[in-house]
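Written out below as structure tokens is the structure these notes cover.
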Amino acid sequence: MAAPAPPNPLLTSSTADSSPAVQLHPLVILNISDYITRHKLRGQKGPLVGAILGLQNGREITMEVPFDCKYVEREDGSILLDEVFFKERLEQYQTVFKSPQLELVGWFTTGQPSGPEQRHLPIQLQLQTDLGYESAMLLLFHIALASQTAEAGGKLPLTLYETIWTNEGSMDIEGPERNQPLRFREVPHTVEASDAEMIAVDFVARGGGNATAVESETTSAETKSNENGKGKGKAKVEGTEEKDELYLNHEEEEHIAGLQAKANAVRMLQTRIDLLLSYLSSQPPSYLDDATTPMSAEPPPNHEILRSINALVARLPHLSAANSIVLEREIKEAKTDAQLLELIATLTDVLPDIRELGQHWAQAQARTAPVPTLGTLRVDKREFGEGEAIEAGGPLR
Amino acid sequence: MESLTTWELENAIGLVDPIRDALYTYSASQQRAINDQKPWRTNPHYFQNVRISAVALLKMVTHARAGGAIEVMGLMQGHVQGDTFVVTDAFRLPVEGTETRVNAQDDANEYMVKYLELARENNQPENVVGWYHSHPGYGCWLSGIDVSTQALQQQFQDPFVAVVIDPDRTISAGKVEIGAFRTFPEDYKPAGEAGTSDADGFQTIPVDKMQDFGAHSERYYSLDVSHFKSSLDSALLVALWNKYWIGTLSANPLAANRDFSNRQMKELARLISDAETAHGSGSKVPGRTLDAKLEKIAKTSRMVAVEERAGMVATLVKERVFRAPEI
Ligand SMILES: [Zn+2]
């Protein structure tokens, strides 16, 4: 993080001996997003606060399940969690998140990218001291940055903090917490998703469905939408597109979405490789190759990064060459399978048409050459004493 | 006081679009008006769509998956708009397993009441509009017990929808396997096709469940399921994708889904031979049924082919990108 102009007095300058490894799950992020959208559109006032449940194993922490919390406002305007609400809600969640048993690992609210502020302290202290969650972390969601996530190279608009009690001077902090030498320290995180969670996120990310209201609220009372409601519902869901000209069927949409996902991933791989290349080309030339190069380059090369790039390159040949014959055969088989299925699908696709053709044929047959078919049938019918009309005779019923 | 204004100011700068995000609004009076009218009373097919929010979907899918081989269940909060159930959130119930469900509902009831009370206290006034449960490995449809549970709910808690998720197939197919259903009134006979035959997905019902499936499939129909997300969700999903794009490239769906597609092929073979028998001489199957069968075959094989093609694309892309150049 680039240091902002005035240093945040609530952030500690001391560095951690060992930073906790935090795995953040998508549900936490999307839940905060949901909360913000609801809050805004329903014209609700006041801060957004919530608890985060997860697992803590030493310095390894997961943040998996969030829930919104009710707050109370003290006379001085400071914000605290409503303790009755918090305790009851926590118990309810822990009842249904039992295997493994999730614990409270932190809380979330909104805040500036520059870090926690005075107003965040009361809840942090409440959790750590009154409620006994000494290692509760703070997730600050930066609404202001949310619209720039795409440009920001996909950085999520949030920061995690752990706290430490320090004996750094607290002179420059005002308000009731001035005597608490509690400081925040930024903690890195990774985004982790379980297999099912990943599929669900992918599902949600891909589809076009935005949250435009369902029209026909009033009209649908009289719509007898059962017969062709299917197609209509689909069109409504896909929503924003123009009508027929651009209409693709579901398969085509899926196919395109799949190709797009691949293209994006390849593009991403390309930018990562470019990044490595530009990093390498920005390095000073080696003094081993050129005697005139001074031995101490400025700035000195980062050997750790260079070593891991080297390791990556060294691994590349092992990835493909070894069993390429087996691989090639497998790919060929897969191709044949896919083509065969394509053929089956094409064939079965025309089955209804063929059947219809058969029926028409039979009818035409009956008209042009009535004597042999209808004659025999008439005899049969008469024998069984059945009704007059003969529905359809011929090869295909 | 000063503190409160800071919070609000900050919340006002948002990525929230009142039109695109309209489903996140809620009007208690409007819902009451709809509830008084009960337009679904006069039309057994009244509801056609279910739209599920990103969070609700994520919560339900992960719950179903966490249950493993055990059936789990929970409730969905939301509202009704026209012929659509809008599911805004979901929560778990402390209930597991099929047999216990009917009795356990009483235990779960207390939990539900308390849960909703707190939700209302914290500005989430949505009522329960349905329940979800998992069918690990046997597809999305309603069993006999499910049908009676749902019918009971529709009698006393309507509007109410049943959602079923198959976590196993979600994993094997690499996409969320989900279905939504409503039962018909006791005395109602649907015209023509059976309940699930018009489902979007297609069903492979294990042999041991076949009887249960067949016995009740005419008692309900399925609704179209889709999801919705907010503008802010969309922005965040872009960022999230940056974290898991590697999975998109390295996945090998052909291998991962082999079992699943084999089962689908078997089902296709069964459908074809079934239609063949129905078409054979001396068969008493009416023409319309045969039409439906042929259509189902076409639909099924199309679906299998599409999945196979997607898998093939993944393999080809990987081959082109990662194969070392000939040296
Ligand atoms: Zn069931």
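How many Cβ atoms of partner chains, on average, are near each residue of B:50-60 if near means within 10 Å of its Cβ? Walk me through the intermediate numbers first.
Values: counts 1, 6, 2, 7, 13, 10, 1, 5, 13, 6, 1.
Mean shielding by partner chains, rounded to a whole number: 6.
Restriction of the trypsin sites (Lys or Arg not before Pro) in region B:240-309 to DSSP coil positions whose beta-carbon has at most 12 other beta-carbons within 10 angstrom yields B:Lys284. Paramagnetic label reach from A:Gln365 (point 7 Å along Cα→Cβ; backbone nitrogen cut-off under 14 Å): within region A:333-355, residues A:355.
Can you put B:Asp83, A:Asp202, B:Asp259, A:Asp195 in order, fewest other beta carbons within 10 Å first?
Values: B:Asp83 28, A:Asp202 21, B:Asp259 11, A:Asp195 14.
With the fewest neighbours first, B:Asp83, A:Asp202, B:Asp259, A:Asp195 line up as B:Asp259, A:Asp195, A:Asp202, B:Asp83.
For A:Leu53, the residues 5 or more places off, or on other chains, whose built amide H falls under 5 Å of its own are A:Glu64, A:Val65, A:Phe67, A:Val105.
For A:Val187, the residues whose modelled amide H falls within less than 5 Å of its own, excluding neighbours fewer than 5 places apart on the same chain, are A:Leu160, A:Tyr161, A:Glu162. What ranking do B:Asp107, A:Asp349, B:Asp166 get, fewest neighbouring Cβ atoms within 10 angstrom at the top? Ranking B:Asp107, A:Asp349, B:Asp166 by Cβ neighbours within 10 Å, fewest first, gives B:Asp107, A:Asp349, B:Asp166.
Put a dot 7 Å past the Cα of A:Thr271, heading toward its Cβ, do the same for B:Asp274, and the two dots end up 4.8 nm apart.
Report the antiparallel proportion of the DSSP beta bridges in region A:21-193 as a percent, rounded to a multiple of 5. Walk me through the numbers before you get to the answer.
On the way: 28 of 40 bridges.
Here the share of antiparallel DSSP bridges comes out near 70 percent.
Placing pseudo-labels 7 Å out from each Cα toward the beta carbon at A:Asn264 and A:Glu91 gives an inter-label distance of 4.4 nm.
Computed from phi, the 3J(HN,Hα) profile of region A:266-274 under the Karplus parametrisation 6.51, -1.76, 1.60 (θ = phi - 60°) reads 5, 4, 4, 4, 4, 5, 5, 5, 4 Hz, with x in place of Gly and Pro. Footprinting exposure proxy ranking of B:Thr248, A:Thr336, A:Thr12, A:Thr95, fewest other C-beta atoms within 10 angstrom first, gives A:Thr336, A:Thr95, B:Thr248, A:Thr12.
The mean number of partner chain beta-carbon atoms within 10 angstrom of a residue's beta-carbon across peptide A:263-269 is 5.
Over 21 Å between Cα atoms: which of B:Lys243/B:Lys318; A:Lys45/B:Lys59; B:Lys175/B:Lys299 fall into that group? Kindly include the intermediate steps, with their values, before the conclusion.
On the way: B:Lys243/B:Lys318 19 Å; A:Lys45/B:Lys59 26 Å; B:Lys175/B:Lys299 18 Å.
Beyond 21 Å between Cα atoms: A:Lys45/B:Lys59.
Based on the Cβ-Cβ distance from A:Glu356 to B:Glu96, what FRET efficiency comes out when R0 is 45 Å, to the nearest 0.05?
Details: r = 50 Å, r/R0 = 1.11.
Calculated value: 0.35.
Ordering of B:125-136, A:41-52 by packing is B:125-136, A:41-52, highest average first (other Cβ atoms within 10 Å, averaged per residue).
Legend: mean number of C-beta atoms from other chains within 10 angstrom of residue C-beta atoms, peptide B:80-87, equals 6.
With a Förster radius of 22 Å, plug the Cβ-Cβ distance of A:Thr346 and B:Val321 into 1/(1 + (r/R0)^6) and report the FRET value to the nearest 0.05.
Values: r = 30 Å, r/R0 = 1.35.
After rounding, the FRET efficiency stands at 0.15.
Electrostatic bookkeeping for B:Gln124 treats Lys and Arg as +1 and Asp and Glu as -1; over the other residues with beta carbon under 10 Å from its beta carbon, the sum is -1.
Every number in this text was worked out from the coordinates using simple rules, so none of it is lab data. Since the model is a prediction, treat every value here as computed from it, not as a measurement. Heads up, the Cβs are rebuilt from the backbone with ideal geometry, glycines too, and the neighbour counts pull from every protein chain shown.
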